[in-house]
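Student: Pasting in a structure now, in structure tokens, and then I'll have a few things to ask.
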């Protein structure tokens, strides 16, 4: 989607704030003993109270309001009976629709006690996302995002999952430009138009380079198995850089 009016931008900011507030509340609710289904119910309640609909559920028939992935799971984890344990690494991805506009955000949360390596991984996951975000702007190359994230990962000794990409969003959950690499991609030639709406969501890992299918139709696992974090914002490319839509404040 390319924003063409103030009304569109206002609607995108509204759904962006809704998913951001939901993610923040779910993150604060994580504690040993809570199930991922219980965590998902918190998210569902907040989305419904705000007049929003879960995007994965309404668009794709996903069996949950939010995606909750634990440890070896890195994306699209199904909420269920799994009990959160001390030391777990929990990723939450919240996307929703209101009034025909979509927002998408995500973050990883480490449940204490955590090792120094996991603590650093979470901190650097956010830094990797921001390395990509700083490359966003009207007239700039989309390839700059992956180059910046890749340089950060190499410098700090991480790998990047290379088959889970960022994507356009706005009137639908996934739209053009599709498959925006958050790793260096020499074939990427596209340029960000002013007003372009898309996500920036690198998957930073302690060794994984791909996501692979599991036993159910949804959950993705790291390959090779390694702890992986994802942080995500929805942004608009402007002449002044990125306008981040998924902020809770």
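The values are calculated or read from the model by the stated rules, or taken from the named source; none is laboratory data. No experiment lies behind these values; they were computed from the predicted model shown. Ideal geometry is used to build each Cβ from the backbone, glycine not excepted, and the neighbour counts take in all protein chains shown.
Student: Tell me the residue from 248, 186, 208 that is assigned to a loop (DSSP other than H, G, I, E, B) and buried (at least 24 other Cβ atoms within 10 Å of the Cβ), please.
Tutor: After applying the criteria, what remains is 208.
Student: Here's a follow-up. For the condition under 19 Å from residue 96 (Cα atoms) and surrounded by fewer than 19 Cβ atoms within 10 Å (Cβ to Cβ), what is the one hit in 7, 20?
Tutor: One residue alone meets the criteria, 7.
Student: For the stretch 189-205, name all the residues that are within 13 Å of residue 162 (Cβ to Cβ) and not in a loop (DSSP other than H, G, I, E, B).
Tutor: Across the stretch 189-205, the qualifying residues are 203, 204, 205.
Student: Going by the conditions given, is residue 132 touching a residue at least 40 places away in the same chain (Cβ under 8 Å), more than 20 Å from residue 91 (Cβ to Cβ) and not in a loop (DSSP other than H, G, I, E, B)?
Tutor: The answer is no for residue 132.
Student: Let me ask another. If residue 192 meets every condition in (1) more than 21 Å from residue 68 (Cβ to Cβ); (2) surrounded by fewer than 24 Cβ atoms within 10 Å (Cβ to Cβ); (3) at pLDDT 95 or above apart from one, which number is that one?
Tutor: (2)
Student: Out of (1) surrounded by 15 or more Cβ atoms within 10 Å (Cβ to Cβ); (2) in contact (Cβ under 8 Å) with a residue 12 or more places away in the chain, what's the single condition that is false for residue 85?
Tutor: Result: residue 85 passes all but (1).
Student: Let me ask something else. Looking only at the stretch 33-57, count every residue that is exposed (fewer than 14 other Cβ atoms within 10 Å of the Cβ) and touching a strand residue (DSSP E or B) at 6+ places or on another chain (Cβ under 8 Å) and tell me the total.
Tutor: 2
Yes or no, residue by residue, for (1) farther than 30 Å from residue 11 by Cβ; (2) in contact with a helix residue (DSSP H, G or I) (Cβ under 7 Å, 6 or more places away or on another chain); (3) part of a helix (DSSP H, G or I):
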| position | (1), (2), (3) |
| --- | --- |
| 79 | no, yes, no |
| 95 | no, yes, no |
| 103 | no, yes, no |
| 107 | no, yes, no |
| 127 | yes, yes, yes |
| 138 | no, no, no |
| 147 | yes, no, yes |
| 153 | yes, yes, yes |
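Student: May I ask you to list the residues in the stretch 96-127 that are farther than 20 Å from residue 73 by Cα and in contact with a strand residue (DSSP E or B) (Cβ under 8 Å, 6 or more places away or on another chain)?
Tutor: Result: 96, 97, 98, 102, 103.
Student: Restricting to the stretch 41-55, give me the number of residues that are in a helix (DSSP H, G or I) and either touching a helix residue (DSSP H, G or I) at 6+ places or on another chain (Cβ under 8 Å) or within 9 Å of residue 96 (Cβ to Cβ) (or both).
Tutor: 5
Student: Filtering the stretch 157-174 down to residues that are closer than 17 Å to residue 19 by Cβ and either without any contact (Cβ under 8 Å) to a residue 40 or more places away in the chain or part of a strand (DSSP E or B) (or both), which residue is nearest to the chain's Cα centre (by Cα)?
Tutor: 166
Student: Being part of a loop (DSSP other than H, G, I, E, B), surrounded by fewer than 21 Cβ atoms within 10 Å (Cβ to Cβ) and touching a strand residue (DSSP E or B) at 6+ places or on another chain (Cβ under 7 Å) is the filter here, so list the residues in the stretch 220-231 that pass it. Full working, then the answer.
Tutor: Taking the stretch 220-231 as the starting set, the residues that turn out to be part of a loop (DSSP other than H, G, I, E, B) are 224-227, 231.
With surrounded by fewer than 21 Cβ atoms within 10 Å (Cβ to Cβ) added as a condition, the list becomes 224-226.
Selection gives 226 alone.
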